[in-house]
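Any read-out appearing in this document is the output of simple, stated calculations on the displayed coordinates, not a laboratory observation. None of the values given here were measured: they were computed from a predicted structure. Here the Cβ positions follow ideal geometry from the backbone for every residue, glycine too, while neighbour counts run over all protein chains shown.
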Amino acid sequence: MRRLIFLAALVSAPSCAEPSRTPKSAAVDGASASPVSTLPPPADTPVQVVAAVRADATGALENRAALRRFYERLARLESGHLEEDVRVAHFGDSHTAADIETAAIRRSLQARFGDGGRGFVALGQPWKRYLQDGVKAGNSHEWSRERARGSKQHGDGCYGLGGVCLITNRRGARAWTEIAAKTSRADVAYLEQPGGGSFEVLIDGASVVRVSTRSDRVASAFRAFGVPEAGAHQVEVRAVGDGDVRVFGVSLERSQRGLVYDALGINGARASVALAWDEQHWAEQLRHRAPALVVLAYGTNESGDETSPQHYERQLVDVLGRVARAVPTASCLLLGPPDRAIGGDGAWVTSPKIEEIISVQRRVAHAAGCAFYDQMAAMGGPGSMATWAAEDPPRAQKDRVHLTREGYAQLASSFVADMLRGYAGWRREAGLPPSAGSSAAP
């Protein structure tokens, strides 16, 4: 398909505060902006469900050439010529929010490229049963939660990197995160604003610093500090009570260089949820993380909606436009949803809508210069969800929508294997020798 230039990617979007803001770090400010390319305009013609484009596929990974910049960063990391971590920002729905598949991906990639740290996690509980691998979070009752309601903005839309934040003005309000993973650097993300209050940061119960969030404008802010790497830690923020405090989360990294994989999922989310986030604010957050790769993993919830494929395509284009404007040098990948079965009484079949969703995602990814990963194909194609659910032990849940831990682990293994085969193929095409960690030809 002829590649088109998405002019809207060059247009600034309205902000919840001033039209021009720069992320501010009160201590260690990270990151040079790093990979997404030009995007297609919304289609005016009906979207057809088409067969997979297999000519440029590596397993279930399509258009791996779009991952060139991500692969370049990995190569520089392996050669010791990279001065910072290689970060992946993985946004998605409940498949991502459970952090089972993403945790397995994280462990596998870190085993290959080095453990750069646990990555971004919430401070406190952004919702009940907030689950992240190796993390336990909690907060006192004085905090309120704010996030988008579906695709509609609630409040000012400044929710932080993960799309949800905690707000309080009550003295002594506490929000904490307990981390089992090795960590030597914690970077707390919060909002500066007129009338902003102060909060203390405590590590394992000991006060480290008091942070003022008062400013003459609304802007993202970050405060980084070192922690002893040995053993587990608790990172806590405690409001002083002198004004509104809004916190987004904490990024946990190590002194050694490696790969960092952020799992940024929200239960029930659609891709359109990102359109309810204030664009300028979210761009500040994403630029600060400086991902080499942005993964968008949606589609399961959209497969139960009545949204037309044309409208869904426009939403995907708009979301990718926001990614491209925020981190124009990051690679992008659309991670297709797993299979979804509908029916009952032993007559479970693949939902036609999930196939339609996958077709639209493939079309948009190829036109936008993003990679596409077909998780349904990795499972075995249409009908695989019903098969996995009927197995003993099952690899899919009884709802035929979600997978068991074993099923997610298998998808993670397939994803990592295809990504690494793609990386090995890129190295060969770039004239680089096989890397030390390579065990198989592409």
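Near the amide H of residue 198, within less than 5 Å, lie the amide hydrogens of 213, 240, 241, 242, 243, all on another chain or at least 5 residues away, with H placed in the peptide plane. Distance between the modelled labels on residue 206 and residue 430, one decimal in nanometres: 4.2 nm (7 Å Cα→Cβ projection).
Taken about its Cα centre, the chain carries a charge dipole of about 520 debye when Lys and Arg each add +1 at the Cβ and Asp and Glu each add -1 at the Cβ.
Binning all Cα-Cα separations of segment 231-295 at 5 Å, short to long from zero, yields these whole-percent fractions: 3, 9, 17, 22, 19, 16, 10, 3. Sequence-ordered 3J(HN,Hα) estimates for segment 305-315 from the Karplus curve with 6.51, -1.76 and 1.60 and θ = phi - 60° stand at 8, 9, 4, 6, x, 5, 5, 5, 4, 4, 5 Hz, glycine and proline given as x.
Between residue 267 and residue 244, what FRET efficiency comes out of the Förster formula 1/(1 + (r/R0)^6) with R0 = 41 Å and r the beta carbon distance, rounded to 0.05?
On the way: r = 27 Å, r/R0 = 0.65.
About 0.95, to the nearest 0.05.
Can you compute 3J(HN,Hα) from phi for each residue in segment 131-141, using the Karplus curve 6.51 cos²θ - 1.76 cosθ + 1.60 with θ = phi - 60°, rounded to whole Hz and x for Gly and Pro? Running phi through 6.51 cos²θ - 1.76 cosθ + 1.60 with θ = phi - 60° gives 10, 9, 4, x, 10, 10, 10, x, 7, 6, 6 Hz. Listed peptides 238-251, 417-430, 340-353 appear in the order 238-251, 417-430, 340-353 once ranked by packing, highest mean of other Cβ atoms within 10 Å at the front.
Once you compute Rg and the Kirkwood Rh from C-alpha atoms, what is the Rg to Rh ratio for segment 259-381? Kindly include the intermediate steps, with their values, before the conclusion.
On the way: Rg = 15.1 Å, Rh = 15.3 Å.
The Rg/Rh ratio comes out at 0.99.
Counting Lys and Arg as +1 and Asp and Glu as -1 over every other residue whose Cβ lies under 11 Å from the Cβ of residue 204, the net charge comes to -2.
So, in the chain, how many Lys pairs have Cα atoms under 25 Å apart, if the pair is 8 or more places apart or on different chains? Close lysine pairs found across the chain: 6. Here the simple spin-label model places points 7 Å from the Cα toward Cβ, and for residue 178 and residue 345 these points are separated by 4.9 nm. The Rg/Rh ratio for segment 68-113 is 1.05, where Rg is the radius of gyration of the alpha carbons and Rh is the Kirkwood radius. Rounded to the nearest 0.05, the FRET efficiency derived from the C-beta distance between residue 170 and residue 305 at R0 = 51 Å is 0.85. All C-alpha pair distances within the chain, sorted into 20 Å bins from zero, spread as 26, 58, 15, 0 percent across the bins.
The rule of thumb for compact globular proteins, 2.2 N^0.38 Å, goes into the C-alpha radius of gyration of segment 57-191 1.24 times.
Evaluated at q = 0.12, 0.15, 0.18 Å⁻¹, a Debye calculation over the C-alpha positions of segment 126-255 (equal weights, vacuum) places log10 I(q)/I(0) at -0.44, -0.69, -0.99.
Give me the net charge of residue 311's neighbourhood, meaning all other residues with Cβ under 11 Å from the Cβ of residue 311; Lys, Arg count +1, Asp, Glu -1.
Charge balance near residue 311 sits at -4.
The label-point distance for residue 131 and residue 355, in a model that sets each label 7 Å from Cα toward Cβ, rounds to 3.0 nm. In order along segment 179-190, the Karplus-derived 3J(HN,Hα) couplings, from 6.51 cos²θ - 1.76 cosθ + 1.60 at θ = phi - 60°, round to 10, 8, 6, 5, 9, 10, 8, 10, 10, 7, 9, 8 Hz, and Gly and Pro are given as x.
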